Structure formats: structure tokens, C-alpha cells
Amino acid sequence: MKKPVVAIVCATGAVGAEFVGCLTKRNFPVGRLKALASARSAGKTVKFGGDTIAVEKLTEKSFEGVDIALFSAGASASREFAPSAVNAGAVVVDNSSAFRMAADVPLVIPEINARRITEHKGIIANPNCSAITALVPLWPIHKKNRIKRMIISTYQAASGAGAAAMRELEDSTRAYLDKRPFEPQVLPHRYAFNVFSHNTAIDPETGYNDEETKVMREARKILEDDRIAIGVTCIRVPVLRAHSQSITFECEKPITEAEVRTILSDATGVKIVDDRARNYFPMPIDASGQDDVLVGRIRKDLSDASGHSISMFVAADQLLKGAALNAIQIAELLPERVVA
Ligand SMILES: NC(=O)c1ccc[n+]([C@@H]2O[C@H](COP(=O)([O-])OP(=O)(O)OC[C@H]3O[C@@H](n4cnc5c(N)ncnc54)[C@H](OP(=O)(O)O)[C@@H]3O)[C@@H](O)[C@H]2O)c1
């Protein structure tokens, strides 16, 4: 058996670094790793398993001999180059929004719908990081007692906007503390000691931004349930890494917090962190570097006297489960993982 040739299309980025980390940590069988990025990265290298790999400029010809291509270089790069990868015979696992809603592209969270992977026609899409964070714990509940409505408010970290946004949070904080002026370059507003609406475009008609729209659409596609009512508010907070969310959901049948705890204690990819006595609940600093979605503050939603609704708070490392880890979990289920 020959191990697959794996290409990372974003090798110098925040998600790219986590691709390398996940491949190593999960002992993914890699015959050869190709590190691809833009022309800006000429001369850079990436370390992998004791090797130093030169970063190559991404072109249409980058995929000859590649079996699995892990894309996370943004939607326009995916639209431009993923077809070349597929034509060269690679299976693409794409982290961007480019193909997620295409009818012939499976949108996969392995804990939920791994069975869809086999339906791919060359491209499998990795969902939006906020959608993954919410759905990993909601799915096992939905399976037992259909969720008919969910309200999600996000507290999204700098890491969701890439390596440059993480630097901007650090630099703007330093400048603020030193009483120096700071002009934001990556995000639209001062990031230090501030909170603002997610930095994606707002639909002038609906008032929802792109991130919120992605969560709503993708959740319905992944859960294969177009009737679910979903309300989302996405907010950027000055946290370096890992997204948090406040989630309230309403089920078809009555549900108790004890039932939710029982369901989630057996759920794959979920860890309950719910210590009322110590006021210790999911926090992004605890979620950072972790594979699981942390879930806590599980409690009855007192605004619903019928007993059908539960509120909870979650935190997850969106560079891992929200991006690189989920993509590698998909790749692990591909037959191309082992090349005959
Ligand atoms: N951050 C997250 O949590 C997250 C979660 C889910 C999905 N995503 C997706 O992943 C993408 C990257 O996120 P990130 O956080 O890793 O951003 P990042 O830190 O800014 O890294 C972007 C990477 O993509 C490469 N790149 C950008 N445009 C390219 C092009 N035209 N050709 C070749 N390479 C190109 C960059 O190469 P250079 O260094 O050469 O510019 C870099 O390696 C996002 O746009 C989004 O679609 C991110």
C-alpha cells in the first residue's frame, strides 16, 4: 500500500498550521506533503514529521499526483483552483464557503452525516466554524427529540479571521495599553477592549450578515431539515482563539436539563463542563487546542413555560473542530486515505 500524497492549500495560514498539526497528531498516513500558498509565501517553509517542506505557489498545475487536497485559502481561491485539483484526480476537502450549498457537494460534520461522504463528485465541503460548533452538541439532542427552533448568539475569536487578525488583536491591545494610536488593518473596528458585529457583509434587506446566513443555511442542509427555525447573531469578541456561543433551543416534545446532560454525556465530540458550585463553564481558553466542543450552563429556558426549551453555553476551538480537525476527520473516512 502506498500512502496518499496530501496537498495543503493554505500552508502558511492559521488553518494551514492546524492541518499540519492534525495530520501529525492523528498519525494520518501521508506519503508526501505538498505545501501550497500564494506567491507572497515564496521562500517560506513548513515543518512536517522531521522534514522541512518548501512552500510552493498555488497554480492549476499544483495537483499532479495529489490524492487528497485540503483547501483553506478562502472562497475565491477554492473556486479558482479546486476544479484543477479534481481534474487532476484529487479529492478536495474544502474549508471555504465556495461549494457548501451546492446540491452535489456533501457538507459534512462526521459525527452527524459521515454517510454523505461517499456521494462526493470530487469536492466535500467543511461547514462554517460556527455551524460546526453549534451542531455537534445539538445533533444528538435533535436525533432523540427534534429541535424545531434554535437561537444562537456567537462570541467569535480573532482566530476565525485568520493569522493576521490574531496579530491585530495583540498589536491593538499593546497599542491601547501604551496609549499609542492604532489603525485597524484587518478588522473594521478597534479590536482591543471592544465587541462588534461580525465583520462580514450585511444583507441590506434582511439585516443578517454573511456569517449568520451561513449558519442558518448550512444547519438546515447538514441536519436535512428545512423546517427548523433558526435565529443567529454573530459577534466578534477580543478573544485570541476559540469561539463561544449561547444557544437556546426548543424541542418538539418536552425536554429536561437532566435528559440533555444524559444525551450529551454519551455524545461524540462533546465534553460537558458544567460546574455550578465553582461557576466553571465552557471558556475559550479551555477550548483552545481541544478537539471537543465544551458544553455547559445546561438549564431550562425559563421563557418557555411549556418545558420544551433548554439554554446552554458552548465553546470550541474553531481552528480545530471548526476547520482543520473536521476536514482531517473527513479525509480519514476517504478511501483515498490508502492508495493501492
Ligand atoms: N480561521 C478559521 O477559523 C476558519 C474556519 C473555517 C474556515 N476558514 C476558511 O479558511 C480560510 C483561511 O483561513 P485562515 O484563518 O487560515 O486565514 P489566514 O491565516 O489568513 O491564511 C490564509 C492562507 O490562505 C493562503 N491564500 C490566500 N489566498 C490565496 C491564493 N489566492 N492562492 C494561494 N493561497 C492563498 C494564504 O497564503 P499566503 O500566506 O501566501 O497569503 C494563507 O496560507 C478562510 O478564508 C476561510 O475560508 C477559516
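The values are calculated or read from the model by the stated rules, or taken from the named source; none is laboratory data. No experiment lies behind these values; they were computed from the predicted model shown. Cβ placement follows ideal geometry from the backbone for every residue including glycine, while neighbour counts extend to all protein chains displayed. Please note that ligands, DNA and RNA were not included when accessible areas were found on the heavy atoms of the full protein model with its side chains. Shrake-Rupley method; radii C 1.70, N 1.55, O 1.52, S 1.80 Å.
Some observations on this one:
- Condition check for G43: at pLDDT below 95, over 16 Å from I328 (Cα atoms) and either small (G, A, S) or in a loop (DSSP other than H, G, I, E, B) (or both): yes
- Of the listed requirements (1) in a loop (DSSP other than H, G, I, E, B); (2) within 13 Å of the ligand (Cβ to nearest atom), V30 misses just one: (2).
- Only one entry of R79, R32 meets the criterion of being under 22 Å from the mean Cα position of the chain (by Cα) and basic (K, R), and that entry is R79.
- Of all residue pairs spaced 6 or more apart or on separate chains, those with beta-carbon atoms under 7 Å, a first member in the stretch 47-66 that is within 19 Å of V86 (Cα to Cα) and a second member that is hydrophobic (A, V, I, L, M, F, W, C) and more than 13 Å from the ligand (Cβ to nearest atom) are F63/A88; F63/A90; E64/A88; G65/V5; V66/V5; V66/A88; V66/A90.
- Residue in the stretch 115-131 that is within 14 Å of the ligand (Cβ to nearest atom), in a helix (DSSP H, G or I) and touching a strand residue (DSSP E or B) at 6+ places or on another chain (Cβ under 8 Å) present: yes
Here's the yes/no breakdown for (1) outside any helix (DSSP H, G or I); (2) open to solvent by less than 40 Å² (accessible area, probe 1.4 Å); (3) at pLDDT 95 or above:
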residue: T248; (1), (2), (3): yes, yes, yes
residue: K253; (1), (2), (3): yes, no, yes
residue: L294; (1), (2), (3): yes, yes, yes
residue: A327; (1), (2), (3): no, yes, yes
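- Qualifying residue in the stretch 82-93 (condition: of a type outside the set (S, T, Y), closer than 15 Å to N128 by Cα and within 12 Å of the ligand (Cβ to nearest atom)): yes
- Residue within the stretch 92-104 that is in contact (Cβ under 8 Å) with a residue 40 or more places away in the chain, assigned to a loop (DSSP other than H, G, I, E, B), crowded, with 17+ Cβ neighbours inside 10 Å and in contact with a Leu (Cβ under 6 Å, 6 or more places away or on another chain) present: yes
- Residues that are under 24 Å from V338 (Cβ atoms) and not in a strand (DSSP E or B) within the stretch 1-15 comprise M1, K3, P4, A11, listed in sequence order.
- Subset tally (residues that are touching a Gly at 6+ places or on another chain (Cβ under 8 Å) and under 20 Å from A324 (Cα atoms)) for the stretch 138-165: 3
- Considering residues of the stretch 33-42 that are within 12 Å of the ligand (Cβ to nearest atom) and of a type in the set (A, V, I, L, M) only, the residue surrounded by the most Cβ atoms within 10 Å (Cβ to Cβ): L36
Let's see how each residue does on (1) out of contact with any Pro (no Cβ under 9 Å at 6 or more places or on another chain); (2) buried (at least 22 other Cβ atoms within 10 Å of the Cβ); (3) farther than 17 Å from I328 by Cα; (4) of a type in the set (K, R):
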site: T118; (1), (2), (3), (4): no, no, no, no
site: C129; (1), (2), (3), (4): yes, yes, no, no
site: I132; (1), (2), (3), (4): yes, yes, no, no
site: K144; (1), (2), (3), (4): yes, no, yes, yes
site: R149; (1), (2), (3), (4): yes, no, yes, yes
site: I152; (1), (2), (3), (4): yes, yes, yes, no
site: L169; (1), (2), (3), (4): no, yes, yes, no
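- The set of residues in the stretch 47-81 that are in a helix (DSSP H, G or I), of a type in the set (D, E, K, R) and either more than 9 Å from the ligand (Cβ to nearest atom) or farther than 24 Å from T200 by Cα (or both) comprises E60, K61, R79.
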